[in-house]
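What follows is a set of notes on a single structure, which appears directly below.
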Amino acid sequence: MKVSILTALATAVIVLACGEKKGENPDTSLAANSSTPAAATAQPALGGAETETPAPITGQTIEVKMLQDAQGNFRYDPADVTIKSGDGVKFIMVSGGSHNVAFDPAQIPANAKAQLSANMPQQVSELSSPMMMNPNETYTISFGKMPPGTYVYHCTPHLSFGMKGTITVQ
Ligand SMILES: [Cu+2]
């Protein structure tokens, strides 16, 4: 009897030990699983080259009017502005719309594109603002965390009329 009890205990210990060992497998697979989400969270970080966090305006906000002047020209006023990184540009629809603000993705340097995109809300296509039709509609772009450079933009409906502007970040 004693022997069989001991055997039973020993068996129980072995089973427990096995159970623990088996328990380790789920643990390691859990560890593997938990490293997978870790890798998954690392990926957006790596993709950070493509997806940046919007950077708020920390400096001044410069206003640019979008209009059709007395001569019938469609233009941004002023067409060329110089700002500091951290400033913002607020585009105001005045007349002659629809107007928008569009950067040619091919002309925006790789090191600036993701941040610019993050700083442009409600894009209708890559680096293009929505259309503004009504007077006093506005669209504001933060140049927070934007690298120095001259960024050329245009109005999609009036590009052929030469409605273009530049924003130079110092
Ligand atoms: Cu326009």
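We did not get these values from a lab; they are worked out from the coordinates using the rules stated. These numbers were taken from a predicted model, which means no experiment stands behind them. Cβ: placed from backbone, ideal geometry, glycine included. Neighbour counts: every protein chain shown.
Listed values, structure above:
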| quantity | calculated |
| --- | --- |
| Where labels lie 7 Å past Cα in the beta-carbon direction, separation of Thr82 and Gln170 in nm | 0.7 nm |
| Segment Lys65-Met133, length gained on full extension (0.36 nm per residue, minus Cα span) | 23.2 nm |
| Cα pair distances exceeding 17 angstrom across region 53-147, given as percent | 51 percent |
| Rounded if a/c under 1.5, otherwise prolate or oblate - region 119-170, Cα gyration tensor axes | oblate |
